[in-house]
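Working notes, structure below.
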Amino acid sequence: MQPTYLYTSDFDREVQWRSRFSTGIPVILGLLQVLLTFTIIGLEIASVVISPIFGTLYAGFWCSIVFTLSWISMLGLVCCHRARKWSIYMFLISVLCAAVAITLIVLDALFIGNITRCFFFKVNCDELRSMYPQLTSQPLGRKVLVLKAQLACAVLMLTTAILYILFFITTSMKVRRSAGRVIIERHQVPTQVVRETRRPSPPVWKSASPPTAFDPSEVECPHCGTLIKLAQRKRYS
């Protein structure tokens, strides 16, 4: 039986997307991002407490704004029932989250390599030194450990963003393959969709049979169609 092909509508694509897009992975990644975000903020507070002058640009604070937006959007996929548009929005947020995580990684590596350097403008550095003179001679070994821990958290944050990006791309490819065409068997298609390809057969003309001769000695029964022969009365001369 030859199948009939129908192109899918937007509603069909949305249904196929939600059936293939699992909420388990975004939930796990979102919860992990929550833990990493608060850990990065706590480590940044510890870094500033140790030394607000050297080896810092307060990157953990302003990077965590994007990280917070990322895990809120990630967990919002469950509330939006895995909607395709929200998944695309989360894909863009994950790209931004990955870029910010890379920024934090680079800055932490730079701070670790130059822990005694002030990365602000010269005016700001001089002002901070005058405000905190006791911090200029304080050992910064603990701050290096804090920054290394923050660097590890930033790497994990980058990993979660990349995992969602790969998950989104894989799901999109699967849906695109299955949503290109929908195969419906002919017996499942409504009557108005099926196109009949059979040609009508030419009419068969029956030759007219010659009329039968009327026999007055036979009578046809009107109910059963049986021919009844009538007995003819003999005449005696």
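A few remarks follow.
- With the simple spin-label model, which puts each label point 7 Å out from Cα in the Cβ direction, the Val95 to Leu110 separation comes to 2.4 nm.
- For the range 39-175, the Cβ-based charge dipole about the Cα centre amounts to some 360 debye (Lys, Arg positive; Asp, Glu negative; other atoms uncharged).
- As a rough guide to protection, the peptides 103-115, 16-28 ranked by mean Cβ packing within 10 Å, highest first, stand as 103-115, 16-28.
- Shape call, the range 14-80: gyration tensor on alpha carbons, a/c limit 1.5: prolate
- If the segment from Ser130 to Ser19 were pulled out straight at 0.36 nm per residue, it would be longer than the present Cα-Cα gap by 33.8 nm.
- Chain lengthening between Ile169 and Ala152 when straightened (0.36 nm per residue, less Cα-Cα): 3.5 nm
Readers should treat all values here as calculations from the given coordinates under stated rules, not as data from a laboratory. Keep in mind that what you see is a predicted model, and the values were worked out from it rather than measured. Heads up, the Cβs are rebuilt from the backbone with ideal geometry, glycines too, and the neighbour counts pull from every protein chain shown.
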